[in-house]
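What follows is one structure encoded as structure tokens, with my remarks underneath.
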């Protein structure tokens, strides 16, 4: 949203697709970035829990 506001207030039109369309593009980009970061977080969490389970199984097998 900040980039959309910056583009709207800027006298220089560096993207010539229209002011409302630029705001929509930045909003959709923010949604996509949030979604990707959420999925990466889910993957890392799953990988961490798998590692913890493997360590617990190895510790249990050692005793």
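Key figures
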quantity	calculated
Pair list, Cβ under 7 Å, 6 or more apart: segment 50-61 residue in contact (Cβ under 8 Å) with a residue 40 or more places away in the chain and on the phi > 0 side of the Ramachandran plot, other residue loosely packed, with under 10 Cβ neighbours inside 10 Å and assigned to a helix (DSSP H, G or I)	none
Flag for residue 3 being assigned to a helix (DSSP H, G or I) and modelled with pLDDT under 80	yes
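One line per residue, one yes/no per condition, for (1) exposed (fewer than 11 other Cβ atoms within 10 Å of the Cβ); (2) modelled with pLDDT under 80; (3) assigned to a loop (DSSP other than H, G, I, E, B); (4) on the phi < 0 side of the Ramachandran plot:
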residue	(1), (2), (3), (4)
16	yes, yes, yes, yes
29	no, no, no, yes
35	yes, no, no, yes
38	yes, no, no, yes
43	yes, no, no, yes
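The values are calculated or read from the model by the stated rules, or taken from the named source; none is laboratory data. A quick note: this is a predicted structure, and the numbers were derived from the prediction, not measured. A quick note on method: Cβ atoms are made from the backbone with ideal geometry, for glycine too, and the neighbour counts reach across all protein chains shown.
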